[in-house]
Structures are given as C-alpha cells and as structure tokens.
Amino acid sequence: MRILYVSSANGMGGGSVALLNIVREMIRRQHEVMVVTAIDNGPLLEEFRSIGCKYTQLSVRNNIYPRSFNPVLFLPRLLYMLWSNFKAKRQLKQILHDYRPDLVHTNVGTMNVAVGLCLKAGIPHVWHQREYQDLDFNCHFFPTIDTYIRQSHRKGNYNVCITKGIFEYRKFRPGIDRVIYDGVFPLSKSEGIKKEEKKEYVLFAGRIEPAKGLYDLLLVYADFHARYPQYKLLVAGAIGDKKYYDQCTEKIKSIGIEGVVEFLGNRTDVYDLMSRATMLVVPSRFEGFGFITAEAMLNFCPVVGRNTGGTKEQFDHGRDFTGAEIGFRFNDNMELLEMMSRVVDTDVTEMCQRAWYTVTTFYTSETCIDQLEKYYHFVLKDNKKI
C-alpha cells in the first residue's frame, strides 16, 4: 500500500509522536510511506530520516482563525494562513500526481488542505480527528464549523477519532468512521519499565498554555503545600503561551510558593520524572486523549486528572476493564486538593498496577496499527463503491 501522510505539527507533542509511531510501524510492515509537512527542521524530521521515511515540506498551516484577537495581528495572520494553504494546495496537487498514493491520511482535524484535492482526484482520504478544536484548544475552523462538518462527512472521506468522546461530539458516522485509540508506546517499551522509589514531588507535564490548566493547579498547590510542605511542584514543558506563562509566574509570587515550584522546560527524560513522581496532575480543561496520562500509568505513576474529555474516557475505560478506578478524578479545585491529598495518604500500589495493565493492553503502537491497517483496507474497499 502506498500512503501519503499530511502533517502540520511543529514539535514532538502527542499528535506528532502518534504520527511517528504510525509511520515507523507502517514502514516495518512493508508499506510505502511518504510524509508532507510544514516543519522546517527539528526532532520529528530527524526521526523520519533515521527510519528512512521520505518526506517533503509544504507551506501548509492549520485551517483555523488566529487565536490572537489583537486587531493589528488578526487580519495579517488570517491572510498568511489562507495564502500559505493556497500555495500548499498547488504543491500537494503536484505531489498527488507524481506519487500516486493509494490513500492520503491527514494527521490532525484542524487541517483540510488535502480533503478537497483527494476527493476530486478519487483518492480516499483518512482524516485523523485528534481534538475537539473548540472545547480543548479554543480553535475555530475557517470559515465556519459547518464547512468542516460537511467536509468530514463527504463520501470518500473517512474519519479516525482518538476517543469515543470526539466521535460522538462531532456526530461521525457509525460503520464508516472509526474510534482508534492512539498508540502511545511500543509494547517492547513496557517490558523495561521498573517501579522506582518515589520522591517528594508532584509533576505537571505539558505545554504552558491555557488549555493545559497549570494556573488552576497553582491555585490548589498553595493549599496542598500548606498541608504537605515537603513536596515540590515540577513543571516539565515548553512555554506555549508567553502571556499565560507570565500570569502563572506572577501568581506563584503573589501566593508565596516561589521556592517550591520549579520550571524544568522541555525535557527528554519525562518517563524518568514520571517514574519517581508521587503523582502526575492533569488539570487540562478538555484533553483530546492525553498521552501524558497513559505514559504516567505506564511508569506506575498515580494520575490525578480532570474528569473531562480524554482523561475521563481513559479513566472510564480502565474502570470498565479492571472493575475499579485506575486514577483519581476531580471536577473542581476543591476536589483536586482532596484527590492530591488522597494520593499522599493512601496506598496506591494496586491502582497503579491496574492502570499499567490497562494502558499496556489498549494503548500500544501495535494495537493501534493493527486496527488502523484493517481500517485502511476497509477504506480502499469501500471507496471503490463510490
């Protein structure tokens, strides 16, 4: 099978890691793979080169309105997005003609540059829906959400949702579209995980931006630290929103916890940090899936997560599978403080074991690719009927 993947990712976030896992495994299974991406340079391209994956670069951008409402910047950024995608469509049209893929797979739901071209050329298009768009990242599709819905429901387009929640939220088509959970790690990686001795720190792992909820955690952490003064808060992640980061640091100073909150920046040793953390807190307002939740559970790290979106679905999935909770849920700041305290005051060994069993059963790369490969065959067969 000859597959063309389209990506606009510019870092090694969950969507990029998921794409890399898909590409790596598809190549291993003897499929011919090519990636088109907006990335100029960085670790993802280095990974593609290391596995012998062909790639080319386009001017493609996410098809969403600028999130800055600064009147000076809004219109230029909108026009830049439109012009970039206009050029990308011309480039991609030529790539489709030269490469002649059996199908095209767009890696994120916020990008639509390939959909119309594929349907016009009779090439089946798989659209990976990794986000709620509005609920999680406050993204708004250009020109309207109705345009996006019509595109995603057209014959010849097939949607892969990373959670049931996203599938139901956008009312995708049973029997045509699919829910396939992300492959977070290869099964072989789970075999080398060991239970490490816990250290007295709480971990936050994610980009520093409003969607990830660090500010809420800081408000609660002041009270938590008053109860348990020996615990530090480690924040591992790049600054995604400088204004939000400044708000967080100002709040840290105003509530007097400067000495116990440490910003680590972007880290390559997150698994080590998780394995030794007393807990990972996931305060995201509406996580699409939540790589870090599954990764923490893989590393026997208790997870305290907001009871929404993909975090809730992972908790529900684990409870249904094992018969008991695999994480600590919270709905508001008062419950967050209670759950953090419960992690410290109770034995979480059995919960961590149930969580590990859940993620190694459902969220491995092998499980994901098995399902995705079968779906590709369904797509190719179904598209011949159109």
* To do: Name the residue, out of 148, 215, 221, 158, that is among the hydroxyl-bearing types (Ser, Thr, Tyr), farther than 18 Å from residue 308 by Cα, modelled with pLDDT of 90 or more and outside the structural domain of residue 109 (by TED's automatic domain parsing).
  => 221
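Residues of the stretch 122-156 being of a type in the set (S, T, N, Q), out of contact with any helix residue (DSSP H, G or I) (no Cβ under 6 Å at 6 or more places or on another chain) and within 22 Å of residue 102 (Cα to Cα), which ones? Please lay out each step first, then the result.
First, pick out the residues of the stretch 122-156 that are of a type in the set (S, T, N, Q): 129, 133, 138, 144, 147, 151-152.
Of the ones still in play, those that are also out of contact with any helix residue (DSSP H, G or I) (no Cβ under 6 Å at 6 or more places or on another chain) are 133, 138, 144, 147, 152.
Result: 152, single match.
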* Spot the failing condition for residue 181; the list is (1) within 28 Å of residue 244 (Cα to Cα); (2) modelled with pLDDT of 90 or more, and only one is missed. => (1)
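Would you mind listing the helices (runs of 4 or more DSSP H) fully within the stretch 231-309 where at least 3 residues are outside the structural domain of residue 162 (by TED's automatic domain parsing) and over 25 Å from residue 135 (Cβ atoms)? Talk me through it step by step, then tell me what you get.
Values: elements: 242-254, 270-276, 291-298.
Fully inside the stretch 231-309 and qualifying: 242-254, 270-276.
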* **Index of the failed condition, residue 308 passing every other in (1) more than 16 Å from the chain's Cα centre (by Cα); (2) farther than 16 Å from residue 206 by Cα** => (1)
* Would you mind stating whether residue 344 is in a helix (DSSP H, G or I), among the hydrophobic types (A, V, I, L, M, F, W, C) and farther than 28 Å from residue 135 by Cα? => yes
* Structure fact -> Of the residues in the stretch 167-192, those that are assigned to a strand (DSSP E or B) and of a type outside the set (D, E, K, R) come to 174, 179, 185
* Do we find that residue 315 is under 20 Å from the mean Cα position of the chain (by Cα), assigned by TED's automatic domain parsing to the domain that holds residue 216, more than 30 Å from residue 31 (Cβ to Cβ) and among the aromatic types (Phe, Trp, Tyr) in this structure? -> yes
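The values are calculated or read from the model by the stated rules, or taken from the named source; none is laboratory data. Please read these numbers as outputs of a predicted model, since none were measured by experiment. Neighbour counts run over all protein chains shown; Cβ positions are idealised from the backbone, glycine included.
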